[in-house]
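Below is one structure, written out as structure tokens; comments come after it.
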Amino acid sequence: MFKKLRNRFLIVNLVSISIMMLVAFAMIYTITYQNVQRETNMELYKVSDFYHGPYNSSKMPRGEEGFSGVAGSGTSGTSGASNASGIGSPPADGLGENGGGLGEDPNSPPARSVSFMIQTDNDWKITNTHSRFDMDATFYEEALGKVDQDKLSGGNRQTGQFALDSTEWAYVINPSSDGYMVVFIDVTAQQGILTNLIYTFAVVGLAMLIVIYFLSRYFANRSIKPVREAFEKQKQFIADASHELKTPLAIINTNADVLLANSDDTIEHQAKWLHYIKSETERMSKLTSSLLYLTEIDDSRSTMIHAKFNMSDAVETIILTMEAMIFEKSISLDYSIEPELMVHGNNEQIKQVILILLDNAVKYAKSKGAVNVTLKKQNNEVVLAVSNTGEGIAPEHLDRIFDRFYRTDSSRARQHGGHGLGLAIARSIVDQHKGQIYARSVVGEGATFYVRLT
């Protein structure tokens, strides 16, 4: 059951995180894509403005030396260099002899862009080309063919992108009086940014999911552990409560059968059986009252008011009520109480804790033993210690004696009329007061119970 619960927690956690990661990546990718497209369009139109300006205004006539990359269809009279391997590679002189790049020459396109231009007539026949680099005439034809295909598939778009010779190109179409001017720029680097972003997300996302899986599994196991422990304690509680109720019910049933079998006898002769029934009924009443009280504390349904009260007076009051019983059992009582020690809490509940601890100390003290009670202030805490001389508590039992129905010696506890709920009630009350309760013991010598309150 708990394994299924853990697996469901893991699935929900991983699915939720995966969706959040995908949404975050989609937003990052969208923003990055828009920024890249914006920069690409700005660069594209900047280059386009150049070709509309200096080039078309004949600041540098076609065919002039320096436009070594101009190639035409054969009708323009220009000398086109044929070197397909030079695509996208600058000349050896470093983009111009002025040392500052072609961007400083008004007759050259912006130096940041690798670009070229194709002029066509109205029938999309190449009439002129312009580039800073040596390009083969077939390259221009292939580029124009890509534009033509893109226009047909994209509904006559004026801008677009395509891949040619492992290079990504963006273009813009500018109608002119005698045809069209198509300007191209290299956007391989920009597309590389988007591609690398996807690869990076895939690798990082996968690594993060693996890490998150193991972290989620670890925390899921830790989260389920208290639930499992609570479930096991609840099962044990039900089993112990059933066992505690089973014995008195069996005794009551047996004595009732005896009474029914001797229905003609007088009540006086049957008084023994009636006393047994009454005794076990009272025992069950105490048990159910203790269980209800524990439930009220655990469910925080207690309506007790917390306020400052005198802890010293509370301890002295309980000792006075127990003195007669302690005297009857021939147990010596010694106590040391610092006066006027104040704590914040509920007076009646704390008195019940003191009564439980003192009652246990008397019950389990050895014959003609001793019980010692001390109350003092340590730092900012008020510490109550109740100890006795007796058999003590074995180390393996110290961590469990505050559990419900837990008893180190069931037969002896039953002789004293205990159910194993007293210390559980004491711990619940102390926990409600934000305090601490614990025990120290030496086997064969005795045990001491401590309560720390503020």
Revision key, fill the gap. Of all DSSP beta bridges having both residues in the stretch 329-430, the percent classed as antiparallel (nearest 5) is 60 percent
Revision key, fill the gap. Whole-percent carbon and sulfur contribution to the accessible surface of the stretch 220-379 (1.4 Å, no ligands, DNA or RNA) stands at 55 percent
Review point. Setting aside same-chain residues fewer than 8 positions from residue 272, which lysines have a Cα under 22 Å from its Cα?
Key: 246, 286
Exercise for review: Place a +1 charge on the Cβ of each Lys and Arg in the stretch 235-313 and a -1 charge on the Cβ of each Asp and Glu, then give the dipole magnitude about the Cα centre in debye, rounded to the nearest 20.
Suggested key: 280 debye
Check your understanding: Largest first, what is the accessible-area ranking of 419, 306 with a 1.4 Å probe?
Key -> 306, 419
Check your understanding: Where does each of 208, 135, 284 land when they are ordered by accessible area, with a 1.4 Å probe and the largest first?
Key -> 208, 284, 135
Check your understanding: Can you list residues whose amide H is under 5 Å from residue 135's amide H, if they're 5+ apart or on another chain and H is modeled 1.01 Å from N?
Key -> 81, 83
Check your understanding: So which lysines pass the test for residue 308, namely a Cα distance under 19 Å, with those fewer than 8 places away in the same chain ruled out?
Key -> 351, 376, 377, 434
Review point. Ordered by packing density, taken as the mean number of other Cβ atoms within 10 Å over each peptide's residues, highest first, how do 327-339, 116-128 rank?
Key: 116-128, 327-339
Practice item. For residue 176, enumerate residues with amide H under 5 Å from its amide H, sequence gap 5+ or separate chain, H modeled in the peptide plane. Key: 181
Practice item. Give the cross-link partners of residue 225 among the lysines, using a straight C-alpha distance below 21 Å as the criterion and excluding same-chain residues fewer than 8 apart. Key: 3, 4, 233, 235
Review point. Just the accessible area for residue 404, please: 1.4 Å probe, Å², rounded to the nearest 10?
Key: 80 Å²
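The values are calculated or read from the model by the stated rules, or taken from the named source; none is laboratory data. On a predicted model such as this, the values are computed, not experimentally measured, just so you know. A quick note on method: Cβ atoms are made from the backbone with ideal geometry, for glycine too, and the neighbour counts reach across all protein chains shown. Just so you know, the surface numbers come from the protein's heavy atoms only, side chains and all, with ligands and any DNA or RNA stripped out. Shrake-Rupley method; radii C 1.70, N 1.55, O 1.52, S 1.80 Å.
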